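To keep things clear, I will list the structure first and then write my remarks on it.
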Amino acid sequence: MHQFRYIGNQLFCEGVVVSTLTKKFGTPLYVYSQRTLEDHFQKLDHALAPLDHLICFAMKANSNLSVMRTLANLGSGFDVVSAGELQRVIAAGGDPKKCVFAGVAKSEAEIEFALRKGIYSFNCESEPEIIRINKVAARLKKTAPIAVRINPNVEAKTHAKITTGTYENKFGIQFEQVEGVYAHARKLKHIWLRGIQMHIGSQLTDVKPYELAVKKVLPLVQKLKARYRLEFFSPGGGLGIIYNPALASGSPEWWKSVSAKNILTPASYAAKLLPLLQPLGLKILLEPGRFIVGNAGSLITRVEYVKRTGKKNFVIVDAAMNDLIRPAFYDSYHEIVPLKKKSGTPIASDVVGGICESGDYFCKDRPLAKVGEGDELALLSAGAYGFVMASNYNTRPLAAEVLVNGRKFAVARERQPVQEIWAGEKIVAWLK
């Protein structure tokens with residue numbers, strides 16, 4: 001699953017003792033395993049080998065340049081949701097021609113930039129967006145490749161804040177309206193109907209929702225392929241990972257409905273979907289993010305204080321919700337382990353940060369090894385939606401990031417100097 005493991009009493013990332021990294025680079029610190037990135041990408045790529053396919057890494061999960069370069073070197077494309085992300089692809093050495101551009105609010109400037117860079121396709125979320133893309137393409141004397149994003153109205157049974165495939169969500173075009181949208185788009189002179197796309201949600205750990213959604217849209221895909229000579233179909237991304245290996249208490253309730261026989265792996269995904277996708281005769285695009293990078297990263301933090309009240313044991317650490325917001329935002333579970341293995345009876349603890357919010361916590365009432373000031377903890381499976389969602393709340397500088405490859409390691413992002421946080425600000429003239 002990942003390359004963070006104990007050897008003796010020490011936590012290692014691949015061939016490196018993690019405490020070596022904290023001594024050199026300090027905490028909070030994001031640590032990524034290159035081997036895990038490569039392993040997860042290659043297993044998915046291999047599972048899809050019978051298909052003409054392209055994996056487009058959803059870089060909203062992690063946009064570090066070294067992470068992206070690792071994947072680009074393996075042949076990955078990228079799923080972007082802003083012009084800034086497309087510029088990051090280019091900076092990382094990725095190929096814009098292997099990029100799809102998603103998102104519901106593409107501006108004219110972003111569309112123009114993407115067209116000039118020659119992206120593979122826009123995944124369009126509304127008819128007004130298609131009209132706008134046509135207008136920009138006409139001005140540039142170009143033809144814009146697009147795919148309409150189908151909202152199949154399939155309940156993915158994931159967290160409410162990351163479901164995307166029902167009519168309650170802002171994403172995509174209603175299943176019943178898609179044929180009409182393609183018919184209208186065909187009349188636009190600067191639009192190339194290149195494919196069709198769908199997406200039903202994020203952090204899916206059960207294959208069944210994918211199977212149901214693909215079966216629902218297949219007849220429509222076949223019809224549109226015959227009518228418009230489509231080139232590709234994308235069943236989307238959203239492949240999930242296991243955050244809590246034991247699926248124990250403390251994890252969100254929806255984990256408990258996951259069936260072991262349907263749990264999502266590259267092999268199980270391929271077993272269910274290849275028989276449905278192969279007869280299409282279309283190129284298949286996939287847009288995973290978390291599945292590739294989630295278990296490849298950990299956030300390392302130092303214990304500042306242990307505070308005991310009448311009811312609670314608070315482990316107060318130097319990382320906070322500005323570094324990793326998922327527990328505060330989604331009530332998400334991250335396994336928390338000490339860098340040096342501890343013996344003794346676990347203590348029910350709240351691991352919390354120093355931000356002035358009651359929601360600034362990483363776990364509550366969880367049995368953890370007894371730790372004290374100066375001990376270091378690893379929050380595992382923090383490679384996706386970790387650093388990329390970080391902020392400067394409370395004027396806290398962004399953490400450093402390190403990439404490990406075997407026994408080698410290097411800084412992939414320097415720790416942010418605190419003065420840089422307000423570098424773009426100034427005191428207006430009339431206040432001086």
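Coordinate-derived values only; no laboratory data. Predicted, not measured: the structure shown is a model, and the values here were computed from it. Note that each Cβ is placed from the backbone with ideal geometry, even for glycine, and that neighbours are counted across all protein chains shown.
All other residues with a Cβ under 12 Å from the Cβ of PRO266 taken together, and with Lys, Arg as +1 and Asp, Glu as -1, what is their net charge?
On the way: positive: LYS43, LYS272; negative: ASP39, ASP45.
My count for the surroundings of PRO266 gives 0.
Under a Cβ-Cβ cut-off of 15 Å, what is the net charge of the residues other than PHE387 that fall near it, where Lys and Arg count +1 and Asp and Glu count -1?
So the environment of PHE387 carries a net charge of +3.
Please state the Cα pair-distance histogram of the range 261-356 with 5 angstrom bins from zero: what percent is in each bin?
2, 8, 14, 18, 14, 10, 9, 8, 7, 5, 4, 2, 0, 0
Please give the Cα centre distance for the range 359-408 versus the range 274-319, rounded to the nearest Å.
Each part reduced to its Cα centre gives a spacing of 11 Å.
Need the C-alpha centroid separation for the range 60-89 versus the range 29-55, integer Å.
That distance is 14 Å.
Once amide H atoms are placed 1.01 Å from N in the peptide plane, what residues at a sequence separation of 5 or more from ALA58, or on another chain, have their amide H within under 5 Å of its amide H?
It is ASP79, GLY289, by chain and number.
When you count, for each residue, the other Cβ atoms within 10 Å and take the mean per peptide, how do 42-50, 192-200 rank with the highest first?
192-200, 42-50
Could you list the square roots of 5 times each eigenvalue of the Cα gyration tensor of the chain, that is, the equivalent ellipsoid semi-axes, sorted largest first and rounded to whole Å?
Value: 39, 25, 20 Å, ordered largest first.
Sequence-distant or interchain residues sharing an amide H contact under 5 Å with SER349, placed H: which?
Distant-sequence amide H within range of SER349: ASP365, ARG366, LEU368.
Divide, for the range 1-82, the radius of gyration over alpha carbons by 2.2 N^0.38 Å, where N is the residue count. Display every interim value, and only then the final one.
Details: Rg = 15.3 Å, N = 82, 2.2 N^0.38 = 11.7 Å.
Relative to the 2.2 N^0.38 Å estimate, the range 1-82 comes out at 1.30.
How large is ³J(HN,Hα), in whole Hz, for each residue of the range 3-14 in order, when computed from phi with the Karplus curve 6.51 cos²θ - 1.76 cosθ + 1.60 and θ = phi - 60°, using x for Gly and Pro?
So the J values, rounded to whole Hz, are 10, 9, 7, 7, 10, x, 9, 9, 7, 10, 10, 6.
Rounded to whole Hz and in sequence order, give me ³J(HN,Hα) for the range 367-383 from the Karplus expression 6.51 cos²θ - 1.76 cosθ + 1.60, θ = phi - 60°, writing x for Gly and Pro.
x, 10, 4, 5, 10, x, 3, x, 5, 10, 10, 10, 8, 7, 6, 10, x
Rank ASN9, VAL306, GLY281 by how far each Cα sits towards the positive end of the charge dipole of the chain (+1 on Lys, Arg Cβ; -1 on Asp, Glu Cβ) and give me just the farthest.
GLY281
Of LYS342/LYS370; LYS223/LYS283; LYS141/LYS283; LYS341/LYS370, which ones are farther than 18 Å apart at the Cα?
Where the Cα-Cα span goes over 18 Å, the pairs concerned are LYS141/LYS283.
Among DSSP beta bridges whose residues both lie in the chain, state the antiparallel percentage, nearest 5.
45 percent
Mind telling me which of SER82, SER121, SER358 comes out most flexible in a GNM of the chain, alpha-carbon contacts under 10 Å?
Highest fluctuation of the listed residues: SER358.
What is the distance, in nm, between label points placed 7 Å from the Cα along the Cα-to-Cβ direction at ARG229 and at HIS184?
That separation, rounded to one decimal, is 2.5 nm.
Quick one: what are the phi-derived ³J(HN,Hα) couplings along the range 297-308, Karplus 6.51/-1.76/1.60 with θ = phi - 60°, whole Hz, x for glycine and proline?
Per-residue couplings from phi come out as x, 9, 9, 9, 9, 9, 6, 8, 8, 10, 10, 10 Hz.
Nothing charged except the Cβ atoms of Lys and Arg (+1) and of Asp and Glu (-1): what's the magnitude of the dipole of the chain about its Cα centre? Round to the nearest 20 debye.
Working: 57 positive and 39 negative charges, 150 e Å.
Roughly 720 debye for the chain.
As a quick test, which of the pairs LYS106/LYS225; LYS117/LYS215; LYS208/LYS340 have an alpha carbon distance above 30 angstrom in this structure? Don't skip to the end; give the middle numbers.
Values: LYS106/LYS225 26 Å; LYS117/LYS215 34 Å; LYS208/LYS340 40 Å.
Going by Cα-Cα distance, LYS117/LYS215; LYS208/LYS340 fall outside the 30 Å limit.
How much length is gained if the chain between LYS43 and GLU425 is pulled fully straight, taking 0.36 nm per residue apart and subtracting their Cα-Cα distance, in nm to one decimal? Mind showing how you got there, number by number?
On the way: separation 382, 0.36 × 382 = 137.52 nm, distance 4.61 nm.
Answer, rounded to one decimal: 132.9 nm.
Show me 409-419, 55-65, 85-95 ranked by packing, highest mean number of other Cβ atoms within 10 Å first.
The peptides rank, most packed first, as 55-65, 85-95, 409-419.
Within the range 1-130, what percent of beta bridges assigned by DSSP are antiparallel, to the nearest 5?
Taking every DSSP beta bridge within the range 1-130, about 45 percent pair in antiparallel fashion.
With each label point set 7 Å from Cα along the Cα-Cβ vector, what nm distance links MET389 and ILE263?
2.3 nm
Hey, for a label at TYR305 modelled as a point 7 Å past Cα toward Cβ, could you say which residues of the range 355-394 have their backbone N under 12 Å away?
Counting only backbone N, you get 355.
Which of TYR210, TYR243, TYR330 moves the most in a Gaussian network model of the chain with Cα springs under 10 Å?
TYR330
Please report the net charge: other residues with Cβ closer than 11 Å to the Cβ of MET59, K and R +1, D and E -1.
Charge balance near MET59 sits at -1.
Once you place label points 7 Å from the Cα toward the Cβ at GLN174 and LEU218, how far apart are they in nm?
2.6 nm
Given the options GLU376, GLU179, GLU14, state which has the largest fluctuation in a GNM of the chain using a 10 Å cut-off (strictly under) for Cα springs.
Fluctuation is largest for GLU179.
Could you pull out every residue, at least 5 positions away or on a different chain, whose amide H is within less than 5 Å of the one on ASP206? Hs are placed 1.01 Å off N in the peptide plane, and Pro or chain starts have none.
Sorted by chain and number, the residues that satisfy this are LEU264.
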